[in-house]
Amino acid sequence: MKMKRVQLTNGQELHIREAKPEDALAILAYIDQISEETDYLTFGPGEFVISVEEEARFIERLLVSDNKLMILALIEDMIVGHLSFMGGSRPRTRHTGELGVSVLQEYWRCGIGTELITYLLAWAKSARIIRKINLRVRSDNVGAIRLYEKLGFVCEGTVTREFYVGGEFYDSIQMGLEIDLP
Ligand SMILES: CC(C)(COP(=O)(O)OP(=O)(O)OC[C@H]1O[C@@H](n2cnc3c(N)ncnc32)[C@H](O)[C@@H]1OP(=O)(O)O)[C@@H](O)C(=O)NCCC(=O)NCCS
């Protein structure tokens, strides 16, 4: 399991590593917190319902998969960011998958989102399986769209009424990054 250490723009040391089954409880606590801090995810407070045991089993399966990844960003052993990438399960789609990323509000704009996605891109290039990364982002999530564009993702289209939050529909933007190997 590769560990990446980086110094953040605020001077703190960040560790990035793959999630382990023993992280399940802390990951669910992280998800509870982030769901209170943003309306830009596909779940709201209390809506991500999964037991610690199920989450641990899910992580175990990811660890033996060659086209799926869950990584954590940690500061002094506390989870401050999370990224998941789920590659397809059949031969025709295993080269492509969906990215999801989040960072605790207290740590926004410190470079953690950038570091998480950069780790994913390095993993994808070294494993030489993933050739396309897809994601959907709420169309008014300007900060996230800017982050993705900065890392080379391009807008591929609009999916209307993808989100229903607080009695309102929101569109999402389909974005993607093609990975060409040398
Ligand atoms: C989107 C998110 C993951 C970004 O993570 P982050 O660690 O804050 O991102 P970074 O610090 O690496 O930002 C990199 C660049 O993205 C852009 N960016 C990020 N957040 C921004 C914001 N709120 N407004 C404008 N630009 C922003 C900037 O260009 C930034 O570079 P800069 O700080 O040098 O100007 C984080 O804000 C988050 O978790 N938001 C809530 C959940 C969410 O929206 N997830 C994405 C769902 S698709």
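Yes/no per residue for (1) closer than 22 Å to Ile179 by Cβ; (2) exposed (fewer than 15 other Cβ atoms within 10 Å of the Cβ); (3) modelled with pLDDT under 95:
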residue	(1), (2), (3)
Gln7	no, yes, yes
Leu14	no, no, no
Phe58	no, no, no
Arg92	yes, yes, no
Val101	yes, no, no
### Query
Which is over 16 Å from the mean Cα position of the chain (by Cα) and either among the small types (Gly, Ala, Ser) or under 27 Å from Glu168 (Cβ atoms) (or both), of Ala56, Ala19, Ala73?
Ala56
### Task
Can you tell me which residue among Met86, Met78 is open to solvent by 80 Å² or more (accessible area, probe 1.4 Å), of a type outside the set (S, T, N, Q) and in contact with a helix residue (DSSP H, G or I) (Cβ under 9 Å, 6 or more places away or on another chain)?
Met78
### Task
Filter the range 117-153 down to residues that are more than 15 Å from the chain's Cα centre (by Cα) and among the β-branched types (Val, Ile, Thr) and give me whichever is farthest from the ligand (Cβ to nearest atom).
Ile129
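Matching residues to (1) closer than 18 Å to Thr118 by Cβ; (2) of a type in the set (Val, Ile, Thr); (3) away from the ligand (no atom under 16 Å from the Cβ):
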position	(1), (2), (3)
Leu8	yes, no, no
Ala19	yes, no, yes
Glu37	no, no, no
Ile59	no, yes, yes
Leu74	yes, no, no
Leu83	yes, no, no
Met86	no, no, no
### Query
List pairs: first in the range 146-165 and open to solvent by 90 Å² or more (accessible area, probe 1.4 Å), second assigned to a helix (DSSP H, G or I), Cβ under 8 Å, 6+ apart or cross-chain?
Lys150/Thr114
### Task
Return a yes/no flag: does the range 40-53 have any residue that is over 24 Å from Gly143 (Cα atoms) and in a helix (DSSP H, G or I).
yes
## Note on the structure
Checked against (1) more than 29 Å from Arg5 (Cβ to Cβ); (2) exposed (fewer than 12 other Cβ atoms within 10 Å of the Cβ), Asp140 satisfies every condition except (2)
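The values are calculated or read from the model by the stated rules, or taken from the named source; none is laboratory data. Here the structure is a predicted model, which is why all the values come from computation and not from measurement. Cβ coordinates were reconstructed from backbone atoms using ideal geometry, including for glycine residues, and neighbour counts include every protein chain displayed. To get the accessible areas, we keep the full protein, side chains included, count just its heavy atoms, and leave off ligands, DNA and RNA. Shrake-Rupley method; radii C 1.70, N 1.55, O 1.52, S 1.80 Å.
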